[in-house]
Amino acid sequence: MKIECVRTYHLACKLPEPFAFSQWSYGERHAMLVEVIADGGASGWGECYGPAVVCQAAVAFYAPRLLGLDPLATEVVWHRLWQSSLDFARGGVMTAAISGIDIALWDLKGKVLGLPVVELIGGRFRDRVPCYATGMYFRDRPDDERIEQLTAEGRRYGDEGFEAMKIKVGRSIDFDLRLIAAMRDALPDVRLMADSNHAYDLPEAIRVGRALEEANFAWFEEPLAPDHYELYRQLHEKIDVPLAAGECEQTRHGFKRLLDCGGVDFVQPDIAYCGGISEALRIRAMASAAGVNVVPHAWGTMINLAAATHFLASTFVEPGRAEWPALPLEYDRTPNPLRDELFSERLVMEKGWAQVPQRPGLGVLVDPSVLKTHLLSTTELRA
């Protein structure tokens with residue numbers, strides 16, 4: 001079997017209302033999908049996390065290097081791609097491109113072998129994975145109205161069955177402190193996390209972290225800029241709420257630097273960005289050796305969400321005990337037709353739980369007719 005064709009699809013859709021977080025706002029959603037097709041006709045789908053137009057160009061760089069390779073040799077293909085761009089692509093969108101290709105190859109391998117991806121990466125510890133709802137983004141409202149709207153959104157997720165959810169902070173210290181208290185008052189029994197998207201300096205992060213401690217939040221995500229590993233250790237020494245980080249990090253080499261500095265309790269590789277499923281498995285093994293658990297960041301379409309589901313279903317929780325809760329799947333609840341309408345077969349989500357697919361491959365299928373309605377550009381390279 002050989003790789004015969006590589007296709008890319010840059011998709012986009014307008015949103016009915018923009019939403020924002022600490023860094024910028026979204027008025028539309030984009031996605032960059034990769035399809036790898038073998039000479040027998042089997043195909044697999046992957047997704048790249050990052051600016052779609054740039055990721056598409058990066059996949060075009062790798063596509064000629066894929067043609068003729070064995071699509072089942074995922075380890076061999078990964079290292080050939082990595083070596084082909086080693087001098088100038090040790091991170092960023094080039095690694096995001098490798099990630100999308102790698103996910104597509106695992107999807108293809110599962111389809112060819114008739115097995116779900118979870119069985120190919122070690123087997124399943126569980127048949128369903130608990131989800132936490134990611135939402136509570138900022139809309140253009142006065143502060144009092146905004147807090148009322150965000151707490152109402154949280155209550156709605158609770159009514160849908162979510163026992164955990166993640167809010168956004170990082171707008172301003174005063175607003176953040178008000179929101180943290182209001183969310184805990186509104187949802188006294190829910191496991192809450194907070195994500196600042198690297199909005200704070202160290203003194204601000206200490207202040208907000210202490211408020212999160214008092215409100216019994218489960219983790220403080222990306223409190224600091226991803227460039228300053230040593231500040232995470234300093235913050236960890238000042239507050240007791242667990243720290244989570246890593247969605248901006250890539251490859252085992254980047255995660256080694258993050259782990260070596262200490263201070264991070266949960267590492268969060270995005271499988272569509274960190275190097276794909278192949279590299280996420282290496283990151284998990286390295287984190288395990290440090291006694292740290294891996295909870296993937298998941299943003300985008302059902303492809304990335306499915307990859308994270310298979311990964312978590314195959315994950316052993318450190319250090320292990322007879323009764324240990326499974327690590328949660330991030331389930332973005334913001335409006336996204338590219339996630340919710342694009343797939344003829346999608347993940348089954350019920351009352352805050354994701355069913356681990358039994359179908360071969362990732363277990364999700366793109367609907368070609370819907371894909372066409374969101375298509376901005378496509379590329380194809382054949383052998």
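Since every read-out is calculated from the coordinates, none of them should be taken as a lab result. Computed from a predicted model, the values in this text were never measured in an experiment. Because the Cβ atoms are built from the backbone with ideal geometry, glycine has one as well, and the counts that use them run over all protein chains shown.
The long axis of helix 251-261 is offset from the longest Cα principal axis of the chain by roughly 30 degrees. Restricting attention to the chain, lysine pairs at least eight places apart or on different chains and with alpha-carbon atoms under 19 angstrom apart total 4.
What the Cβ-Cβ distance of residue 377 and residue 148 gives, at R0 = 41 Å and to the nearest 0.05, is a FRET efficiency of 0.50. Ordering 22, 99 by the number of other Cβ atoms within 10 Å of each residue's own Cβ, fewest first, gives 22, 99.
For the options 141, 65, 90, a Gaussian network treatment of the chain with springs between C-alpha atoms closer than 10 Å singles out 141 as fluctuating the most. Taking every DSSP helix (H) stretch of at least 4 residues in the chain, weighting each as -39,500 (n - 2.57) and dividing the sum by the residue count yields a mean residue ellipticity at 222 nm of -12000 deg cm²/dmol. Taking only the C-alpha atoms of segment 197-262, Rg followed by Dmax gives 11.4, 35 Å.
In a DSSP loop and with at most 15 other Cβ atoms within 10 Å, the GluC sites (Glu not before Pro) in segment 289-383 are 323, 341. Here is the size of segment 41-81 from its Cα atoms: Rg then Dmax, 11.3, 29 Å. Applying a 4.7 Å cutoff between beta carbons, the unpaired cysteines of the chain are 5, 13, 131, 248, 261, 274. In a reduced charge model with +1 at each Lys and Arg Cβ and -1 at each Asp and Glu Cβ, the chain shows a dipole moment near 860 debye about its Cα centre.
Restricting the calculation to alpha carbons of segment 80-227 gives Rg and Dmax of 20.1, 55 angstrom. In order along segment 371-383, the phi-based Karplus estimate (6.51 cos²θ - 1.76 cosθ + 1.60, θ = phi - 60°) of 3J(HN,Hα) comes to 3, 4, 6, 10, 7, 8, 7, 9, 10, 8, 10, 10, 5 Hz; Gly and Pro are listed as x. Of the residues 136, 244, 150, the one whose Cα sits farthest towards the positive end of the charge dipole of segment 119-364 is 244 (charges of +1 on Lys and Arg Cβ, -1 on Asp and Glu Cβ, taken about the Cα centre).
Taking Cβ atoms as reference points and 12 Å as the exclusive limit, the residues near residue 20 contribute a net charge of +3, counting Lys and Arg as +1 and Asp and Glu as -1.
Among 349, 1, 183, a tally of other beta-carbon atoms within 10 Å of each Cβ gives an order, fewest to most, of 1, 349, 183.
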